[in-house]
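K.L.:
I am attaching a structure below and will ask some questions about it afterwards.
The values are calculated or read from the model by the stated rules, or taken from the named source; none is laboratory data. Everything numeric here is computed off the predicted structure, so don't read it as measured data. No Cβ is skipped: glycine too gets one built from the backbone with ideal geometry, and neighbour counts run over all protein chains shown.
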Amino acid sequence: MNCANPQITFKSRYNNERKLLKAYLISNLYKLFYNLFQKKFQRDFGINFNLTMECYAVDRKIIQILIHEIIETKEYTLEGIASYTRIPLDIIVDAASGTYTQLSITPWARIVDLYMQVKPEVSKYFFDKLVEAREKHHFCLSLFLNDA
C-alpha cells in the first residue's frame with residue numbers, strides 16, 4: 001500500500017470501523033426492541049404478527065413505543081424529546097402517534113439513545129446480551145472487530 005500520509009489512512013480506517021460497529025449495534029438494538037415489544041406488537045397487529053411483516057410497520061411501532069415509554073418516565077415531554085434529539089417537534093408528534101413511518105437512521109439512533117438513558121435497565125440488558133454474544137461467538141466477534 002502506498003500511503004503518503006499514514007495518519008489519513010488510520011483515520012479513514014477508524015471511521016469505517018466505527019460505522020461498521022454502529023451498524024452492528026443498531027441491528028442488535030432493533031432485534032432487542034423487537035423481542036422486548038413482541039407482545040405489544042401482537043396486541044396491536046394481531047396474533048399473526050411476525051418480523052416478516054412490512055418493515056415500516058415494525059419501525060413505526062418500535063419508535064412509537066420508545067417515545068411513549070420515554071414520556072411515561074416523566075423525565076421528558078414530546079417537546080423535551082424533540083429538543084434533546086434535535087428532531088423537529090412535528091416529526092416527534094407524528095412518530096408518537098404512529099403516523100410517521102420513515103425516520104432515517106440518525107433520528108432513530110437519537111431516540112434510542114435517549115430511551116437507553118431513561119431506561120438504564122434496558123441498556124444494561126442490551127450490554128449483557130452483547131457480552132453473552134461475545135462469549136458464545138468470541139472467535140467471530142474477534143474477527144469482526146479486529147479485521148485488518
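K.L.:
Of the residues Val118, Val112, Val131, only one is β-branched (Val, Ile, Thr) and touching a Leu at 6+ places or on another chain (Cβ under 9 Å); which?
P.N.:
Working: Val118 fails: touching a Leu at 6+ places or on another chain (Cβ under 9 Å); Val131 fails: touching a Leu at 6+ places or on another chain (Cβ under 9 Å).
Matching residue, one of Val118, Val112, Val131: Val112.
K.L.:
I'm trying to understand the selection: among the residues of the stretch 65-103, which are free of Cβ contacts under 8 Å to residues at least 40 places away in the same chain, of a type in the set (D, E, K, R) and within 12 Å of Val118 (Cα to Cα)?
P.N.:
Within the stretch 65-103, the subset free of Cβ contacts under 8 Å to residues at least 40 places away in the same chain is 65, 68, 71-72, 74, 77-99.
Remaining after also requiring of a type in the set (D, E, K, R): 72, 74, 79, 86, 90, 94.
Correct list: Glu72, Lys74.
K.L.:
Out of all the residues in the stretch 100-148, which are exposed (fewer than 12 other Cβ atoms within 10 Å of the Cβ), closer than 26 Å to Arg60 by Cβ and at pLDDT below 85?
P.N.:
Gln102, Ser104, Ile105
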